[in-house]
Each structure stands twice: as structure tokens, then as C-alpha cells.
Amino acid sequence: RGIVGLASLSRDGRLLARVIRNLGYGVIRGSSSRGGSEAIGQCVQALRAGRSVGVAIDGPRGPRYAAQVGAFVMAARARCPIVWVVCTRRRGFRLGSWDRFEIPWPWSRLELRYGREPAPQLDRTAVEAARGRVEAAMRGVSPD
């Protein structure tokens, strides 16, 4: 399908990687805390090869809804735009985890909102500016 997902090297990441594979997508393993530079390199290669890379931009440790710089560095290196997506649900419940992961009830209505940020230049100021714009846009459509 031309899509790969990024999953951490943790035990939870192993479970996520299995789900991603079972859905028919590719997986790259690594995170900011372990295997990050190798994972970024693999993601950049995938992007340059025309694949899409799915990542949770608030990182493996949060804080929740705070965009981390890794996805923006990848986009800058690969010269690819960032397409962000926020999914909200009407009915469901939240886990007690740091990110308050939400699980919708079956057949509940979901709403997806998305936007596009052009690839930033590969310098700290441009990457940080793009990160700030995406974070602000995502917070603007998030229910919290």
C-alpha cells in the first residue's frame, strides 16, 4: 500500500508493530529514546522512495499533544510535506495512560480533521516554526 508506520522498540511498540503489520502496512521500529537515528534514516529512505510514513508526533513520552521535532526533521530531509490528522470521537472511553489514549465504542461517530504543512527547510529555525504551526493547528481542532 506504500505506507509504513513507526513503532517504538518498547514492549508496547512490539504490540503496535504487530497490529500495523496485520493491517497490511510496513513497520519501522525506533523512537526518540531508542533507535531514533536509525529509524529516522529508514523513514527518510521510505519517503524518498515515495512511501508515506505514519507517526504519532507527540512521541513516546509526550507531553500529550506536544509535537516533537523528529517528524519535521524527517520531512525536511526527505523534502516531503507533513499531512497531520486529528481524530475525535463522540462516544468511547479513555485509558489512564500518559496520552489518555481514546478508544471509541463500536459504531460511534468519528470525525477526522487534517491539514498539510509544506516541507520545512533543514535548519533549526524553519523546523521549529513548522513544528509550532502544526502543533497549534492540531490543538485548534482537538476536543481537549
Give the residue that is farthest from Ala67 (Cα to Cα), with candidates limited to residues of segment 17-38 that are at pLDDT 90 or above and part of a helix (DSSP H, G or I). Asn22
Can you tell which of Ala67, Ala49, Ala76 is under 17 Å from the mean Cα position of the chain (by Cα) and at pLDDT 90 or above? Ala76
Do we find that Gln68 is in contact with a Gly (Cβ under 6 Å, 6 or more places away or on another chain) and on the phi < 0 side of the Ramachandran plot in this structure? yes
Do you know which of the residues in segment 67-94 that are touching a Cys at 6+ places or on another chain (Cβ under 9 Å) and within 18 Å of Ala137 (Cα to Cα) is surrounded by the fewest Cβ atoms within 10 Å (Cβ to Cβ)? Gly70
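A quick yes/no check of all residues on (1) without any contact (Cβ under 8 Å) to a residue 24 or more places away in the chain; (2) within 19 Å of Arg11 (Cα to Cα):
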{"position": "Val53", "(1), (2)": "no, no"}
{"position": "Tyr65", "(1), (2)": "no, no"}
{"position": "Ala71", "(1), (2)": "yes, no"}
{"position": "Met74", "(1), (2)": "no, no"}
{"position": "Arg77", "(1), (2)": "no, no"}
{"position": "Arg89", "(1), (2)": "yes, no"}
{"position": "Gly92", "(1), (2)": "yes, no"}
{"position": "Arg100", "(1), (2)": "no, yes"}
Restricting the search to segment 1-24, which residues are under 15 Å from the mean Cα position of the chain (by Cα) and buried (at least 16 other Cβ atoms within 10 Å of the Cβ)? Val4, Gly5, Leu6, Ala7, Ser8, Gly13, Leu16, Ala17, Ile20
From Asp99, Asp123, Asp58, which residue is among the acidic types (Asp, Glu) and exposed (fewer than 12 other Cβ atoms within 10 Å of the Cβ)? Asp123
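The values are calculated or read from the model by the stated rules, or taken from the named source; none is laboratory data. These numbers were taken from a predicted model, which means no experiment stands behind them. Cβ coordinates were reconstructed from backbone atoms using ideal geometry, including for glycine residues, and neighbour counts include every protein chain displayed.
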